[in-house]
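Student: Pasting a structure here, questions to come.
Please treat every number below as a calculation from the coordinates, not as lab data. All of these numbers come straight from a predicted model, not from anything done at the bench. Counting neighbours? That spans all protein chains shown, and the Cβs are built from the backbone with ideal geometry, glycine included.
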Amino acid sequence: MIKKIIVSICVLLSISTFAQKGTSSSYSFYGIGETKFKGTTENRSMGGLSIFPDSTHVNLQNPAGFAGLKRITFSVSGSYNTTKAESNFGEGNSKNSSVDYIALGVPLTEKWSAGLGLMAYSAVGYRIQDETTVSDDFITANEFQGTGGVNRVFFSSGYKLTKNLSFGATVEYNFGQIETSSLEFLESVQYGTQELNTSQATGFSMNLGAMWEKKVTAKHKLFLSAIYTPESTLSLSNTREISTIQYSLTTDPFIIDKNQIEVADTDIKVPTKFGLGAGFGEERKWLLGAEFTMTQSSSLENRFNDIAKATFEDGKRVAIGGYFIPQYNSFTSYLKRITYRGGLRYENTGLIVNDKAIDDMAVTLGLGFPMTGSFSNINVGMEYGRRGTKAADLVRENYLNFTVSLSLSDKWFVKRKIN
């Protein structure tokens with residue numbers, strides 16, 4: 001197991017060497033950026049479904065799932081994203097790669113398990129240009145850029161209260177830096193002005209979960225799940241720098257002089273979230289389920305709203321998905337031991353720009369490849385989706401995400417009978 005973890009860390013480090021910003025979405029301009037999927041590659045491949053406990057996989061969405069762990073499990077995941085952005089004024093392409101999460105789950109007793117890890121919570125990555133004709137002689141040009149995001153360290157614990165019912169809780173510490181800049185200049189004037197804002201984000205949050213499972217026939221089980229995330233606060237320590245710059249379309253702005261401006265520190269709300277899910281299937285064979293999640297995004301405020309006014313409404317997400325394993329213990333066919341996953345997802349993100357709600361929908365597919373002679377596996381997933389609209393001069397983003405994870409499971413602290 002130690003060798004496997006070392007290999008995983010090496011893979012993680014190799015991913016980190018080419019990891020760039022976690023998003024290129026123009027919609028990451030609003031709030032604290034694009035909220036990243038809070039779940040494993042396995043869940044993501046099923047449309048985001050996370051309604052059942054698993055003895056060899058961590059559950060990052062519902063902490064009650066930790067109660068089902070039977071072996072120590074180490075998991076790490078990375079993703080690669082391509083996006084084609086289209087508007088009424090043109091189109092463009094972007095590519096990004098990132099490390100999504102590192103997690104470790106440990107069964108402490110037969111009924112109690114715990115875990116910890118690190119994951120990305122939000123990402124900011126945009127570059128927006130705008131021109132305004134003041135007169136025949138003057139054209140005002142603006143450029144807005146943003147980078148950074150928020151990460152979180154988490155500790156989860158799940159306890160099996162009865163044979164059928166489990167509860168869990170996750171405590172999270174959020175941290176990160178968001179940097180935004182805005183440039184303004186006249187095309188006929190040599191110098192322009194740049195405003196650079198930097199926000200250091202910190203704060204705690206938590207997540208509560210419950211899972212219920214029961215055999216309803218000799219082979220089939222019914223699964224129910226619930227999650228609740230109370231509202232929390234991110235504290236932002238802000239700095240601002242105003243500079244006179246010499247601007248060029250081919251090089252970075254050259255700063256002529258700059259001044260530090262005192263700005264107040266602020267707080268931003270992370271909204272309450274509540275989710276319910278249900279599923280039906282045969283253990284180690286197949287499962288089909290659905291999950292509904294509501295986020296009270298209407299409590300959010302748009303902190304970076306210099307380009308266009310934006311508002312927020314309550315967000316909603318519906319996920320349908322499942323998995324199929326032809327024969328998990330087949331000795332004659334490796335293909336029969338592969339886990340085949342799929343799902344659909346529709347989400348109203350809660351963001352409204354130019355009076356248009358920003359929706360996000362996707363179809364997902366995935367495969368779980370078991371490692372021979374162990375309970376470990378390699379999981380790959382694909383997500384093809386669309387976010388936004390070209391109406392009201394907005395941007396429609398068609399994206400393709402590829403994810404890969406290692407889930408390494410083994411028993412530790414077992415006394416050898418033969419030396």
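Student: Once you charge only the Cβ atoms, +1 for Lys and Arg and -1 for Asp and Glu, what is the size of the charge dipole of region 335-377 about its Cα centre, to the nearest 20 debye? Each step should come with its number before you reach the end.
Tutor: Working: 5 positive and 4 negative charges, 90 e Å.
Computed about the Cα centre, the dipole is about 440 debye.
Student: Report the longest stretch of the chain that contains none of the chymotrypsin sites (Phe, Trp or Tyr not before Pro) sitting in a DSSP loop with at most 12 other Cβ atoms within 10 Å.
Tutor: It runs 139-330.
Student: Further question: So what are the three principal axis dimensions of the chain from its Cα atoms, in whole Å, longest to shortest?
Tutor: That works out to 83, 46, 40 Å along the principal axes.
Student: Then there is this: Which loop trypsin sites (Lys or Arg not before Pro) in region 279-373, with loop taken from DSSP, have no more than 11 other Cβ atoms within 10 angstrom of their Cβ? Could you put the intermediate results ahead of the total?
Tutor: Values: sites: Arg284, Lys285, Arg303, Lys309, Lys316, Arg317, Lys336, Arg337, Arg341, Arg345, Lys356; in loops: Arg284, Lys285, Arg303, Lys309.
Within region 279-373, the qualifying trypsin sites (Lys or Arg not before Pro) (loop, at most 11 other Cβ atoms within 10 Å) are Lys309.
Student: Suppose the chain between Met206 and Tyr346 were pulled fully straight at 0.36 nm per residue; how much longer would it get relative to their current alpha carbon spacing?
Tutor: On the way: separation 140, 0.36 × 140 = 50.40 nm, distance 2.48 nm.
Full extension of this stretch gives 47.9 nm more.
Student: Could you identify which residue out of Ser243, Ser199, Ser50 has the top mean-square fluctuation in a GNM of the chain using Cα springs shorter than 10 Å?
Tutor: Answer for the Gaussian network model of the chain: Ser243.
Student: How large is the Rg to Rh ratio of region 43-148 when both quantities use alpha carbon positions and Rh follows Kirkwood?
Tutor: On the way: Rg = 22.1 Å, Rh = 17.7 Å.
Checking Rg against Rh, the ratio lands at 1.25.
Student: Moving on. Straight distance only, please: which aspartates and glutamates reach the Cα of Lys70 with their own Cα at less than 17 Å, same-chain residues fewer than 8 apart left out?
Tutor: Asp54, Glu110, Glu213, Glu283, Asp410
Student: A further question on this structure: Which order results if Ile256, Ile320, Ile227 are arranged by neighbouring Cβ count within 10 Å, fewest first? Don't skip to the end; give the middle numbers.
Tutor: Working: Ile256 12, Ile320 17, Ile227 24.
Ranked by crowding around the Cβ, least crowded first: Ile256, Ile320, Ile227.
Student: Shifting gears a bit: What is the spin-label model distance, in nm, from Thr272 to Met361 if the labels are put 7 Å beyond Cα along the C-beta direction?
Tutor: The answer from the label model is 3.0 nm.
Student: How far, in degrees from 0 to 90, does helix 2-18 lean away from the longest principal axis of the Cα atoms of the chain, to the nearest 10?
Tutor: Roughly 20 degrees between the two axes.
Student: Now for a different question. Pick out, from Val318, Gly366, Asn354, the residue whose Cα sits farthest towards the positive end of the charge dipole of region 306-393, with +1 on the Cβ of Lys and Arg and -1 on the Cβ of Asp and Glu.
Tutor: The Cα lying farthest towards the positive end belongs to Gly366.
Student: Starting from the 7 Å offset along Cα-to-Cβ, what nm value, one decimal, do you get for the label separation of Gln246 and Phe292?
Tutor: 6.2 nm
Student: Where the only charges are on Cβ atoms (+1 Lys, Arg; -1 Asp, Glu), what is the dipole of region 273-397 about its Cα centre, to the nearest 20 debye?
Tutor: Numbers: 16 positive and 14 negative charges, 96 e Å.
Using only the charged Cβ atoms, the result is roughly 460 debye.
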